[in-house]
Amino acid sequence: MRKLISIITIIMFSLSIISLNGCQSKSSTTTSANNGNKKITIGASLLTQQHPFYVQLKNALEEEAKAENVDLIVSIANQDLNKQISDVEDFITQKVDAIIISPVDSKGVAAAINKAKAANIPVIAVDIPATGAETVSFVGTDNYTGGKIAGEEMAKVLNGKGKVAIIDYPTVQSVIDRVNGFKEVIAKYPDIKIVAIQPGITRAEALTTAQNIIQAHPDIDGIFGFGDDAALAAVAAVKAANKENQIKVIGFDGMPEARKAVQDEKCFVGVVTQYPDEMGKIAVQTAVKVIKGEKVDSKIPIKPGYFDKNGEHKDINIE
């Protein structure tokens, strides 16, 4: 009887060792797929959540993080540079494996990005590039081309002549690129003059800017808004001034509210479209590749489209 008990004990002990080894092997396989001995963690610092574009971008980041089986920590800067710098420093303290950032101020975030680099944490910029600091990659709309599209469309609706103004966001590199692209195209049309370039970051600020522009230049023919809020504010100002038959508005971003306004509002003739879902997905994929030691392109441009009263056009050819 004792001999039988001993045999049973030995068999049970052996089975427990086999089971334990099996669990250890499975755990090792799972963790090695995620960054050595721990699951990958990515920190994401986003400009705002007060704009539908960034809501879509955040959702896309979270969906792709889930698909890649990585942890994602999201912080919202609320267009406050100091908060964004603090958030990035928190990510460094938490020793995240990579940081995705949409800068509040393209130059202002340089010091924070350099701190991350010193801590061997790669940084991927999304939507808005950083300047004065090196990021591993930038994933975003080809904003310069988008600005050129806006310029060509403005020239088309004005039949190559008139006075135009720009509502700007001068501290953000992506907007600088849009404005430069727009200006380059307009320069090809000698009968179109840019009479004003003024900032209007929020919709409320842009409304005041648009009203001031219309008051200062009552014969103005077109307004280019750097983003949906700026363009929608311009539309409101044009309507309030009873100049819907005179002034044409073109925007940039192409979120649902802006698309609907293009269809409903006479003066809103079109909007350059971006694809935040694609940006968010590619940004997470790029971060994971970098963490795993794979090479990535320093710039991953996403071609913009254009939405006018006839619908969306994705294959826009621009020289």
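The values are calculated or read from the model by the stated rules, or taken from the named source; none is laboratory data. None of the values given here were measured: they were computed from a predicted structure. When we count neighbours, we look across all protein chains shown, and the Cβ atoms used for this are built from the backbone with ideal geometry, even at glycine.
Tabulated values for the structure
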item: Subset of segment 226-241 [in contact with a Lys or Arg (Cβ under 7 Å, 6 or more places away or on another chain) and of a type in the set (Asp, Glu)]; result: Asp229
item: Answer from Ile192, Ile167 - the residue that is under 21 Å from Val238 (Cα atoms) and crowded, with 23+ Cβ neighbours inside 10 Å; result: Ile167
item: Output for segment 135-167, where each listed residue is among the acidic types (Asp, Glu) and within 25 Å of Lys58 (Cβ to Cβ); result: Asp142
item: Subset tally (residues that are under 30 Å from Asp71 (Cβ atoms) and touching a strand residue (DSSP E or B) at 6+ places or on another chain (Cβ under 8 Å)) for segment 289-319; result: 9
item: Test: residue in segment 152-164 that is out of contact with any Lys or Arg (no Cβ under 6 Å at 6 or more places or on another chain), surrounded by 17 or more Cβ atoms within 10 Å (Cβ to Cβ), in the same structural domain as Val262 (by TED's automatic domain parsing) and under 30 Å from Ile291 (Cα atoms); result: no
item: Sole residue being under 27 Å from Pro52 (Cα atoms), touching a Pro at 6+ places or on another chain (Cβ under 7 Å) and of a type in the set (Asp, Glu), chosen from Asp87, Asp127, Asp177, Asp142; result: Asp142
item: Scan of segment 80-103 for residues that are more than 19 Å from the chain's Cα centre (by Cα) and of a type in the set (S, T, N, Q), ordered by number; result: Asn82, Ser86, Thr93, Gln94
item: Residue check, Thr286 under 22 Å from Asn78 (Cβ atoms) and either in contact (Cβ under 8 Å) with a residue 12 or more places away in the chain or not assigned by TED's automatic domain parsing to the domain that holds Ala165 (or both); result: no
item: Selection status of Thr208, surrounded by fewer than 20 Cβ atoms within 10 Å (Cβ to Cβ), of a type in the set (S, T, N, Q), at negative phi and within 23 Å of the chain's Cα centre (by Cα); result: no
item: Unique residue being at pLDDT 95 or above, under 23 Å from Gln79 (Cβ atoms) and assigned by TED's automatic domain parsing to the domain that holds Val88 when the list is Ala210, Ala125, Ala204, Ala119; result: Ala125
item: Candidates Thr145, Thr93 - the one that is buried (at least 17 other Cβ atoms within 10 Å of the Cβ), of a type in the set (Ser, Thr, Tyr) and at negative phi; result: Thr145
item: Subset of segment 174-185 that is surrounded by 20 or more Cβ atoms within 10 Å (Cβ to Cβ) and in contact with a Lys or Arg (Cβ under 8 Å, 6 or more places away or on another chain) - its residue that is nearest to Asp127 (Cα to Cα); result: Gly181
item: Which numbered condition Tyr275 fails, given (1) surrounded by fewer than 24 Cβ atoms within 10 Å (Cβ to Cβ); (2) farther than 27 Å from Asn59 by Cβ; (3) aromatic (Phe, Trp, Tyr); result: (2)
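Results for (1) surrounded by fewer than 23 Cβ atoms within 10 Å (Cβ to Cβ); (2) in contact with a Pro (Cβ under 7 Å, 6 or more places away or on another chain); (3) within 30 Å of Ile40 (Cβ to Cβ), shown as yes or no for each residue.
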site: Asp219; (1), (2), (3): yes, no, no
site: Phe226; (1), (2), (3): no, no, no
site: Ala240; (1), (2), (3): yes, no, no
site: Phe252; (1), (2), (3): no, no, no
site: Lys292; (1), (2), (3): yes, no, yes
site: Ile302; (1), (2), (3): yes, no, yes
site: Lys309; (1), (2), (3): yes, no, no
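The rows are residues; the columns are (1) in a helix (DSSP H, G or I); (2) within 13 Å of the chain's Cα centre (by Cα); (3) free of Cβ contacts under 8 Å to residues at least 12 places away in the same chain; (4) surrounded by 15 or more Cβ atoms within 10 Å (Cβ to Cβ).
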position	(1), (2), (3), (4)
Lys39	no, no, no, no
Ala44	no, yes, no, yes
Tyr54	yes, yes, no, yes
Leu57	yes, yes, no, yes
Ser75	no, no, no, yes
Asn78	no, no, no, no
